[in-house]
Every structure is written in C-alpha cells, then in structure tokens.
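Down below is the structure, laid out as structure tokens.
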Amino acid sequence: MAHNGESKPKFAMYWAASCGGCEIAVLNTHELILEVDANFDVVFWPVAMDAKYHDVEAMDDGSITLCLFNGAIRNDENEEMAHLLRRKSQLLVAFGSCASEGCIPGLANLYSKQTMLDTAFSTITTDNPGAVRPIIAYDMPEGRIEILRTLDQVVKVDYSMPGCPPESHQIAAVVRLVIDALHGNAALPPRGAVIGAGDSTVCDECRRTRSEKTITEFRRMATFQPDPVQCLLEQGILCSGMATRSGCDARCPSANMPCIGCYGPAAGVVDQGARMMSAVASVIGGNDPKEIRAIMRGIADPAGTFYRFSLPSSLLRHAKV
C-alpha cells in the first residue's frame with residue numbers, strides 16, 4: 001500500500017448510530033493524533049471539524065485513503081453516508097462494536113418500531129407537545145430500512161475493528177501499521193480481517209485463578225463483593241470472557257468486573273450469544289430440570305446479556321429480515 005508521495009493520504013471518520021465513545025477513544029491515543037496529522041490530510045471528521053456532506057460528494061471516488069466508520073445503520077442518513085464513504089474510500093473500516101456488530105443500539109431489534117417510538121416520544125418524561133414522530137421506514141433500492149444493521153450488511157467493508165470502544169493502544173497499533181504500509185515498510189492484513197484485536201478469548205488473557213466450574217447460583221455484583229483473584233464465573237457472576245475475542249487485556253475482569261462481551265465473538269465463533277449460552281449450560285451444577293430452571297432464573301435479562309453487543313450480526317437476525 002505504498003503511497004506515491006505527491007500529496008498526503010486522506011483520512012476520514014464518520015459517526016452513525018452510536019454514542020460517540022469511539023471518537024473519544026481516538027482522542028485518547030494522545031500523541032498519536034500528531035502522527036495522524038503529520039501523515040494524513042484529515043478531510044472529513046464531523047465531530048472534530050467543520051465539514052459538510054457535499055464536501056465529501058465533491059471528492060473523487062477512492063480519494064480517501066482510510067475511513068473509520070463508527071456506528072450502526074439505523075436510518076436513511078446512515079445508509080446514504082455508508083454508500084458515499086464506501087465509494088470515496090480505499091480502506092473502509094467498521095470501527096467499534098456498533099459498526100461491526102450492532103452493539104447496544106441493536107437491541108432495539110427485539111422490539112417493534114411502534115414500541116420504540118412510543119417509548120422515545122410519548123412517555124411521561126418526554127416534552128413533545130406537537131407529537132412529532134420520525135418516519136418508521138424508508139424505501140431504498142435495496143428495500144425498506146426497518147431494523148438496525150451492521151455496516152457490512154449494507155456495504156463491503158475492508159476491515160472490522162471491535163470494541164466498545166476499541167482500546168486506544170489497539171487503535172494506535174492499527175494507525176501506525178497503516179502509516180508504515182503507506183511508506184512501504186509494512187503489509188496490511190488480508191481484506192476482511194478483524195484488526196486491533198486478538199485471536200483467542202478474554203479468558204485466555206485473564207489472570208484470575210480458575211478451577212473446575214460448577215454454578216449453583218447466579219449473583220449480581222450489587223449483592224456482594226467478589227473475590228479479586230478467583231474466576232468471576234466460578235463465583236456465580238456471569239462473565240462473557242469465554243466467548244469474547246481477546247485484545248482488551250481483560251481490562252474489566254482485572255478491575256473486578258465481568259467481561260460483558262464488547263470485543264465481539266472470538267475467532268471461529270459464528271454466534272457469540274449461542275456460544276455463551278452453550279458455555280453457561282456446560283457449567284450449571286444440577287441435573288433436576290426444576291433446579292436448573294431456578295439457577296437460570298438468576299440471569300435477569302438473557303437477551304440483553306447474551307446478545308448485548310452482537311444481536312444484529314447474530315444468527316437470530318435471519319428470523320427478523
């Protein structure tokens with residue numbers, strides 16, 4: 001990916017249906033921002049600079065060298081920008097969990113559009129005297145937009161970088177790799193690869209002690225102080241490390257908090273939620289169906305627990321679309 005040196009390569013970053021945490025993670029790379037500025041011409045980054053959509057439309061196709069697209073596809077604006085930035089970018093990265101997996105906004109796919117709109121625009125805490133409502137669906141050449149989708153379900157993506165948000169040291173490593181590749185000093189991974197993450201699981205990174213697991217009760221963090229050394233799952237705290245891709249250095253378990261799965265499915269795992277359910281089922285301590293049901297009732301929100309970050313990219317989406 002050597003650059004001809006005639007002008008700086010161009011960098012863009014866009015924010016679709018997401019919280020903005022990915023933008024903060026990029027800023028948290030500190031001195032790396034100076035390297036980005038030194039090696040790229042930042043041409044489009046709405047959260048950090050004054051740039052309009054028509055500025056992007058005026059660019060030549062393929063003129064943006066690297067675009068980090070964070071956020072899922074929720075509405076027609078997100079859809080339009082995904083297609084536009086795909087045309088304009090040589091490398092389009094699904095940056096963060098929302099773009100690569102759907103993340104928290106994707107849990108809305110569990111409900112009807114009417115239920116979501118009633119909750120957002122008609123509850124007692126909402127000041128909406130005109131009863132204004134957005135359009136529920138929008139007709140596109142590809143069909144009607146009615147559920148949240150991941151970026152690669154809309155356009156071809158060159159790379160996916162998981163995390164909610166991606167860890168700053170991982171962002172730094174990826175950006176430096178791209179810079180080295182531009183100067184002919186490194187080679188990029190094969191297109192379609194997951195970057196900025198590991199190939200194993202969070203459990204493999206976790207430094208807690210583990211023994212044979214037998215779960216007889218699921219407990220919530222608010223009810224007791226967990227042992228800071230023992231495996232959290234063995235203490236009855238539902239930890240998603242066994243099904244989650246490594247790369248975060250087990251940051252949450254190291255802070256005495258369970259992994260919640262933000263780095264997405266581990267390498268080779270098709271459905272993160274199904275993998276988690278299978279792992280949990282294998283350690284339930286009990287043979288009697290009533291006893292097992294009682295243990296499983298300790299999981300207060302199964303859908304939100306097992307598919308917190310990956311519902312739109314899971315096998316369950318095939319029942320919805």
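Run down Ala243, Ala186 and say which single residue is closer than 17 Å to Ser100 by Cβ, touching a helix residue (DSSP H, G or I) at 6+ places or on another chain (Cβ under 7 Å), modelled with pLDDT under 95 and not charged (D, E, K, R).
Ala243
Identify, please: which residue in the range 105-132 is in contact with a helix residue (DSSP H, G or I) (Cβ under 6 Å, 6 or more places away or on another chain) and either at pLDDT below 85 or surrounded by fewer than 13 Cβ atoms within 10 Å (Cβ to Cβ) (or both) and is, among those, nearest to Gly264 (Cα to Cα)?
Selected residue: Met116.
Would you call Cys203 under 21 Å from the mean Cα position of the chain (by Cα), surrounded by 13 or more Cβ atoms within 10 Å (Cβ to Cβ), outside any loop (DSSP other than H, G, I, E, B) and not acidic (Asp, Glu)?
It is true that Cys203 is under 21 Å from the mean Cα position of the chain (by Cα), surrounded by 13 or more Cβ atoms within 10 Å (Cβ to Cβ), outside any loop (DSSP other than H, G, I, E, B) and not acidic (Asp, Glu).
Do any residues in the range 210-233 that are over 18 Å from Gly298 (Cβ atoms) have Cβ atoms under 6 Å from those of residues that are assigned to a loop (DSSP other than H, G, I, E, B) and among the polar types (S, T, N, Q), where the two are at least six apart or on different chains, and which pairs are they?
From residues that are over 18 Å from Gly298 (Cβ atoms), the pairs are Pro228/Asn256.
Suppose we filter the range 77-92 for residues that are within 15 Å of Glu57 (Cβ to Cβ) and not in a helix (DSSP H, G or I); how many remain?
1
I need a count of the residues in the range 253-294 that are of a type in the set (S, T, N, Q) and under 15 Å from Cys203 (Cα atoms). Lay out the reasoning, then the answer.
Step one: filter the range 253-294 for residues of a type in the set (S, T, N, Q), giving 254, 256, 272, 278, 282, 287.
Next, only the ones that are under 15 Å from Cys203 (Cα atoms) stay: 254, 256, 272.
So the count comes out to 3.
Yes or no, residue by residue, for (1) farther than 18 Å from Phe306 by Cβ; (2) in the same structural domain as Arg86 (by TED's automatic domain parsing):
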| site | (1), (2) |
| --- | --- |
| Pro162 | no, yes |
| Phe224 | yes, no |
| Arg245 | no, no |
| Ser254 | yes, no |
| Tyr263 | no, no |
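Any chance the range 253-272 includes a residue that's more than 23 Å from Pro228 (Cβ to Cβ) and assigned to a helix (DSSP H, G or I)?
Yes, the range 253-272 contains at least one residue that is more than 23 Å from Pro228 (Cβ to Cβ) and assigned to a helix (DSSP H, G or I).
Considering only residues that are among the hydrophobic types (A, V, I, L, M, F, W, C), surrounded by 12 or more Cβ atoms within 10 Å (Cβ to Cβ) and modelled with pLDDT under 95, which ones fall in the range 206-230?
Ile215, Phe218, Met221
If the requirement is being out of contact with any Gly (no Cβ under 9 Å at 6 or more places or on another chain), modelled with pLDDT of 90 or more and assigned by TED's automatic domain parsing to the domain that holds Val178, which of these qualifies: Gly102, Gly96?
Criteria check complete, one pass: Gly102.
If you take just the strands (runs of 3 or more DSSP E) that sit entirely in the range 1-74, which of them hold at least 3 residues that are more than 26 Å from Ile104 (Cα to Cα)?
On the way: elements: 10-15, 41-44, 64-70.
Of the strands (runs of 3 or more DSSP E) lying wholly inside the range 1-74, those with at least 3 residues that are more than 26 Å from Ile104 (Cα to Cα) span 41-44.
I need the full set of residues from the range 212-240 which are in contact with a strand residue (DSSP E or B) (Cβ under 8 Å, 6 or more places away or on another chain) and more than 22 Å from Ile292 (Cα to Cα), in order please.
Val229, Gln230
The values are calculated or read from the model by the stated rules, or taken from the named source; none is laboratory data. These figures come from a predicted structure and were not determined experimentally. Note: ideal-geometry Cβ built from the backbone for every residue, glycine included; neighbour counts use all protein chains shown.
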